[in-house]
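What follows is calculated from the coordinates using simple rules that are stated; it is not laboratory data. Quick caveat: nothing in here was measured; it's all calculated off a predicted structure. Cβ placement follows ideal geometry from the backbone for every residue including glycine, while neighbour counts extend to all protein chains displayed.
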Amino acid sequence: MTEFEKQIVSYHKTLQLQPAMTEFLVESQKLLKAAEEALVMLKASLKQHKAANDELESLRVAMHFGKLQQDDLVTQVKMGAKAIYRVNSMVGELERSMNKLLSLNKDQDQLIGLLRHRGQY
């Protein structure tokens, strides 16, 4: 085959491949556009994920401070319970002292009554 015939065969093959290459290029463009859209959606998703992650971190910090406040409240309640116990103990002592005073007052009244009866008061 001569050089000229080779060129004609090559040109003929190129013409036969041209529709397939055009279809390949069109499909490649579609795939590239779909990939770009997917990338845009992925970036938006990443922003949403970051925002959600930041919100979770804020909640974690808030929960930590809430736990600290809860611990403080538990400590205050324990201290309050101890104070109530001490006050109740003091009230008990005060009641016993008042009963002793009432008993002494009663004894004193009986003694005064006895002395009056004898005429010594």
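With the cut-off at under 16 Å, measuring from each backbone N in the range 9-44 to a point 7 Å along the Cα-to-Cβ line of Ala52 picks out 41-44.
Dipole of the range 21-66, Cα-centred, from +1 at each Lys and Arg C-beta and -1 at each Asp and Glu C-beta, to the nearest 20 debye?
On the way: 6 positive and 7 negative charges, 27 e Å.
In total the dipole reaches around 120 debye.
Just want the answer: with Cβ charges of +1 for Lys and Arg and -1 for Asp and Glu, which residue in Ser58, Gln110, Ser89 is farthest toward the dipole's positive end in the chain? Of the options given, the answer is Gln110. Using the Cβ-Cβ distance between Lys13 and Lys33 with R0 set to 30 Å, the FRET efficiency works out to roughly 0.50. Listed by chain and number, the lysines whose C-alpha is less than 26 Å from the C-alpha of Lys67, apart from same-chain residues fewer than 8 away, are Lys50, Lys78, Lys82. Out of every Cα-Cα pair that the range 43-90 contains, those further apart than 18 angstrom amount to 59 percent. Note that the range 90-103 has calculated 3J(HN,Hα) couplings of 5, 5, x, 5, 4, 4, 5, 5, 5, 5, 5, 5, 5, 5 Hz, one per residue in order, obtained from phi through the Karplus relation 6.51 cos²θ - 1.76 cosθ + 1.60 (θ = phi - 60°); glycine and proline are x.
Once the convex hull of all Cα atoms in the range 1-96 is built, its volume per residue stands at 125 Å³.
Can you give the charge dipole size of the range 25-121 about its Cα centre, rounded to the nearest 20 debye, using +1 on the beta carbon of Lys and Arg and -1 on the beta carbon of Asp and Glu? Please report the intermediate quantities before stating the final value.
Working: 15 positive and 12 negative charges, 114 e Å.
The dipole of the range 25-121 has a size of about 540 debye.
Report the calculated FRET efficiency for Arg118 and Ser97 (r = Cβ-Cβ distance, R0 = 41 Å), to the nearest 0.05. If you can, show how the numbers build up before the last one.
Details: r = 31 Å, r/R0 = 0.76.
So the FRET efficiency works out to roughly 0.85.
If the reach is capped at under 19 angstrom between alpha carbons, list the lysines near Lys106, excluding any in the same chain fewer than eight residues apart. Cα-Cα hits under 19 Å: none found.
What value does the range 40-121 have for Rg/Rh, both radii from Cα atoms and Rh as Kirkwood defines it? Walk me through the numbers on the way to the answer.
Numbers: Rg = 34.5 Å, Rh = 19.4 Å.
Ratio of gyration radius to Kirkwood radius for the range 40-121: 1.78.
With the helix formula -39500 (n - 2.57) applied to DSSP H stretches of n ≥ 4, the chain reaches a computed 222 nm mean residue ellipticity of -37000 deg cm²/dmol.
How charged is the neighbourhood of Lys50? Take every other residue with its Cβ under 15 Å from the Cβ of Lys50, and add Lys/Arg as +1 and Asp/Glu as -1. Don't skip to the end; give the middle numbers.
On the way: positive: Lys43, Lys47; negative: Asp54, Glu55, Glu57.
Overall, the nearby charge balance is -1.
The alpha-carbon of Lys13 sits under 27 angstrom from the alpha-carbons of these lysines, leaving out residues fewer than 8 places away in its chain: Lys30.
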